[in-house]
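I have placed the structure first, in the form of structure tokens, so that the comments after it can refer back to it.
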Amino acid sequence: MSRFDKAAELLDLEPGLYKVLRQAEKQVIVSIPVMMDNGEVSVYEGYRVQYNTSRGPAKGGIRFDPQVTLEEVKALAAWMTWKCAVVNIPFGGSKGGVICDPLAMSASELERLTRRYTSAIINMLGPDSDVPAPDVNTNERVMAWVMDTYSMHVGHTTTAVVTGKPVELGGSLGRREATGRGCMIVTKQALEHLGMPLKGTNIAIQGFGNVGSVAARLLAREGCKIVAIGDRTTSLYNANGIDVDDAIAHVAKHRSLDGYGKGDTLSGADLLTLDVDVLLPAALENVITTKNAGDIRARVICEGANGPTTAAADSILDEKGIFVIPDILANAGGVTVSYFEWVQDRGGYFWTENLVNERLEAIMRHSFQDLLDLSKQHRVNMRTAAYMLAISRVATVHRLRGVYA
Ligand code: NAD
């Protein structure tokens, strides 16, 4: 919210709208009874928050995690609102969560939990009102259950009620790679803008899951040198460049980088402060803080993860002249192709992967340029420009629609 406040002040946002945009529109808490495999009933707490729906249906993932809180879900829903506005897709923002430990549950318990949670929030959901997607510990399988439960309630198959579905069930080609692909596209643009060559650019990547590994593979294909990768088990440095496809094959087989010895091991903290051209955090939030921001040597940071930099660290990175591609742009490729999935489901006509990638690239490039122009115009960094653009787009729609009495 401190970033929101800063951008709102620069935009001179009127006090009424400021109050409207600082609040979530709707917050729902549900209790979810689930019959466990041993015959006992457990009750879980779940949330769905719609932060803003002025620009279109709310869009946001569902996470299953023991640490989920209503406050966290609310913050993530706000983030989705700004992210959709930055890339100018016609969605608002939402998020959902259930406090549970999916790793300790069987597949059938997870299915019952998902279906009961879906039915508890069914009145909020719908292709025209709120469209979930996968998030922490949820996946295509879970989305298929959400879609089926919703369809059973309304009496007909409604694929457009969720995105991130299996391709056989109305999912989009290119969705799985979309976030990493978006990171690759905006990193290339940042290098172009800074007059840095693409070939041989050194990149360190924290997180080697969906976002990090895809970004690594695509950037390597563009001629960049991925000199460091890391996950929750291991971080590796190889000055000659890591063979990304080989590392991905290792993770596919062993589920982590553990045991992949083709490089020098280093600590996760040291990976962040390597002398590289680009740092791509793609794992966790709050990894670049006031404690380590001063030691970061990368010229560009591409925020693949949500919230990898704390608000307090922003000014340190600014002082060092580091060009930060903010998360609400850098990782917006995923929600952009989710939007394509929703469009394809509603139209009942499916695109080729090339067309998906082409349209994704057009949106990412355009959005990056919008932010760059705004940042020059107002002499602010890319993050503040992103918030300014997002807030002004949402605010414009509120002004046009007025306050319903
Ligand atoms: P993932 O679960 O596929 O991968 C996460 C990776 O981070 C794994 O390699 C894991 O080992 C690593 N990791 C976890 N803890 C770590 C630690 N302490 N140090 C180093 N590495 C660690 O998740 P993902 O889908 O790739 O998402 C990564 C980030 O990107 C998250 O912040 C997520 O919110 C964000 N994001 C993802 C998408 C998407 O489409 N997948 C879209 C937008 C934002």
Selection from the stretch 323-360 of residues among the small types (Gly, Ala, Ser) and in contact with a Lys or Arg (Cβ under 6 Å, 6 or more places away or on another chain) yields ALA332, GLY333
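For SER106, are the conditions met, namely being within 24 Å of the chain's Cα centre (by Cα), open to solvent by less than 60 Å² (accessible area, probe 1.4 Å) and touching a residue at least 40 places away in the same chain (Cβ under 8 Å)?
no
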From the residues in the stretch 251-262 that are over 25 Å from the mean Cα position of the chain (by Cα) and either within 16 Å of ALA220 (Cβ to Cβ) or more than 13 Å from the ligand (Cβ to nearest atom) (or both), which one is surrounded by the most Cβ atoms within 10 Å (Cβ to Cβ)? TYR260
Please find, within the stretch 312-329, the residue that is farthest from the ligand (Cβ to nearest atom) out of those that are small (Gly, Ala, Ser) and part of a helix (DSSP H, G or I). SER315
Any residue at all in the stretch 287-294 that is farther than 27 Å from LYS320 by Cα, open to solvent by 40 Å² or more (accessible area, probe 1.4 Å) and either outside any helix (DSSP H, G or I) or in contact (Cβ under 8 Å) with a residue 40 or more places away in the chain (or both)? no
Tell me which residues, restricted to the stretch 31-62, are of a type in the set (Val, Ile, Thr) and either outside any strand (DSSP E or B) or surrounded by 17 or more Cβ atoms within 10 Å (Cβ to Cβ) (or both). ILE32, VAL34, VAL49, THR53, ILE62
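Does LEU191 satisfy the criteria of being of a type outside the set (Gly, Ala, Ser), touching a Lys or Arg at 6+ places or on another chain (Cβ under 8 Å), touching a residue at least 24 places away in the same chain (Cβ under 8 Å) and open to solvent by less than 40 Å² (accessible area, probe 1.4 Å)? Quick ask: steps written out before the conclusion?
Working: of a type outside the set (Gly, Ala, Ser): yes; touching a Lys or Arg at 6+ places or on another chain (Cβ under 8 Å): no; touching a residue at least 24 places away in the same chain (Cβ under 8 Å): yes; open to solvent by less than 40 Å² (accessible area, probe 1.4 Å): yes.
Here the answer is no, as LEU191 does not meet what is asked.
Please verify whether the stretch 81-94 includes one or more residues that are open to solvent by less than 40 Å² (accessible area, probe 1.4 Å), under 17 Å from THR138 (Cβ atoms) and in a helix (DSSP H, G or I). Even if it seems obvious, please write down each step before you answer.
Step one: list which residues in the stretch 81-94 are open to solvent by less than 40 Å² (accessible area, probe 1.4 Å), which gives 81-87, 89, 91-94.
So of that shortlist, the ones also under 17 Å from THR138 (Cβ atoms) come out as 94.
Now restrict to residues that are in a helix (DSSP H, G or I): none.
So far as the stretch 81-94 goes, no, none of its residues is open to solvent by less than 40 Å² (accessible area, probe 1.4 Å), under 17 Å from THR138 (Cβ atoms) and in a helix (DSSP H, G or I).
Test THR273 against the criterion of being among the hydroxyl-bearing types (Ser, Thr, Tyr), more than 10 Å from the ligand (Cβ to nearest atom) and within 20 Å of VAL300 (Cβ to Cβ), and give yes or no. Step through it out loud before you land on a result.
Values: among the hydroxyl-bearing types (Ser, Thr, Tyr): yes; more than 10 Å from the ligand (Cβ to nearest atom): yes; within 20 Å of VAL300 (Cβ to Cβ): yes.
Criteria met by THR273.
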Can you name the condition, by its number, that VAL300 falls short on among (1) touching a strand residue (DSSP E or B) at 6+ places or on another chain (Cβ under 7 Å); (2) touching a residue at least 60 places away in the same chain (Cβ under 8 Å); (3) within 16 Å of the ligand (Cβ to nearest atom)? (3)
Any residue in the stretch 53-78 that's under 24 Å from TRP342 (Cα atoms): show its pairings with residues that are in a strand (DSSP E or B) and polar (S, T, N, Q) at Cβ separation under 7 Å, as long as the two are six or more apart or on different chains. ALA58/GLN50; ALA58/SER94; LYS59/SER94; GLY60/SER94; LYS74/GLN27; ALA77/GLN50; ALA77/SER94
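Let's see how each residue does on (1) over 20 Å from ALA220 (Cβ atoms); (2) within 16 Å of the ligand (Cβ to nearest atom); (3) open to solvent by less than 50 Å² (accessible area, probe 1.4 Å); (4) in contact with a helix residue (DSSP H, G or I) (Cβ under 7 Å, 6 or more places away or on another chain):
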position: ASP264; (1), (2), (3), (4): no, no, no, no
position: LEU279; (1), (2), (3), (4): no, yes, yes, yes
position: GLY304; (1), (2), (3), (4): no, yes, yes, yes
position: GLY307; (1), (2), (3), (4): yes, yes, yes, yes
Where in the stretch 114-230 are there helices (runs of 4 or more DSSP H), lying wholly inside it, with at least 2 residues that are in contact with a strand residue (DSSP E or B) (Cβ under 7 Å, 6 or more places away or on another chain), among the small types (Gly, Ala, Ser) and within 16 Å of the ligand (Cβ to nearest atom)? 210-221
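For the stretch 231-240, which residues satisfy the criterion of being more than 12 Å from the ligand (Cβ to nearest atom) and either surrounded by fewer than 16 Cβ atoms within 10 Å (Cβ to Cβ) or free of Cβ contacts under 8 Å to residues at least 12 places away in the same chain (or both)? Walk me through how you get there before you give the answer.
Step one: of the stretch 231-240, the residues more than 12 Å from the ligand (Cβ to nearest atom) are 237-240.
Once the filter is applied, which keeps residues that are more than 12 Å from the ligand (Cβ to nearest atom) and either surrounded by fewer than 16 Cβ atoms within 10 Å (Cβ to Cβ) or free of Cβ contacts under 8 Å to residues at least 12 places away in the same chain (or both), the stretch 231-240 yields ALA239, ASN240.
The values are calculated or read from the model by the stated rules, or taken from the named source; none is laboratory data. Just so it is clear, the structure is predicted and the values come from calculations on it, not from any experiment. Backbone-built Cβ (ideal geometry, glycine too); neighbour counts: all protein chains shown. Ligands, DNA and RNA are excluded from the accessible area calculation, which covers all protein heavy atoms including side chains. Shrake-Rupley method; radii C 1.70, N 1.55, O 1.52, S 1.80 Å.
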